[in-house]
Amino acid sequence: MAETVRPLLVGLTGSIGMGKSETARMFAALGLPVYDSDAVVHSLYEPCGEAVQPIAAAFPGVVKDGAVDRMALSAALQKDPSGFARLEAIVHPLVAQRQRAFVAEAVKAAAPIAVLDIPLLFETGGDTRMDVVIVVSAPEDVQRARALARPGMTEAKLEQILARQMPDAEKCLLADYVVDTGQGLEHARAQVLKIAAALRDRLDA
């Protein structure tokens, strides 16, 4: 019976506005399976999503037309930051379940490398389950401009989000690789290509 080989697990993370989602798409474009935490959370919040009923019970009024209204939830959390712990207790186990299913699929497909795009990788201790960690970074002025351009984002909301995230400099120190997205897409893509080649070399070694 052939031995089951687990893929090299690559954690991709970065603070808000750093360009993590765009970087994840670059890895996907190279043919690597990519787990998208944001897409998973969206699906959990949609009608019939597993998080809808528990969130409705924990945060009255934030579920509208059978789905979690993200703006209403965000407003509730801004009003009462203690709600973050309640929300995480609901969402994190569901997200972890989807991560395990993704890795199982990657094993089944005999994928040599699997990339997991996880926003709070260090903050939740998820880095301990990864073989390699890539941090997506950008200068602070670029980060703030990108984040504040998002619909519904305010200075106060951004500060609240940043306060819950490990500082970028610390993440970069803990990373195996850093992708700088502050100098445009092509510059970032060149770094992604170099990192993907290094990961494949590591498997061939």
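The values are calculated or read from the model by the stated rules, or taken from the named source; none is laboratory data. Just so it is clear, the structure is predicted and the values come from calculations on it, not from any experiment. For neighbour counting, all protein chains shown are included, and Cβ atoms are generated from backbone atoms with ideal geometry for every residue, glycine included.
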Only one of (1) over 30 Å from Pro112 (Cβ atoms); (2) in contact with a Gly (Cβ under 8 Å, 6 or more places away or on another chain); (3) modelled with pLDDT of 95 or more does not apply to Met71, and that is (3)
Of a type in the set (Val, Ile, Thr), surrounded by 14 or more Cβ atoms within 10 Å (Cβ to Cβ), out of contact with any strand residue (DSSP E or B) (no Cβ under 6 Å at 6 or more places or on another chain) and at pLDDT 95 or above, is that true of Val142?
yes
Every residue from the stretch 111-126 that is under 12 Å from Leu9 (Cα atoms) and surrounded by fewer than 19 Cβ atoms within 10 Å (Cβ to Cβ):
Ala111, Pro112
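Just give me the residues in the stretch 95-120 being in contact with an Asp or Glu (Cβ under 8 Å, 6 or more places away or on another chain) and either acidic (Asp, Glu) or modelled with pLDDT of 95 or more (or both), in sequence order. Spell out the reasoning first.
Let us first name the residues in the stretch 95-120 that are in contact with an Asp or Glu (Cβ under 8 Å, 6 or more places away or on another chain), namely 117, 119.
Across the stretch 95-120, the qualifying residue is only Asp117.
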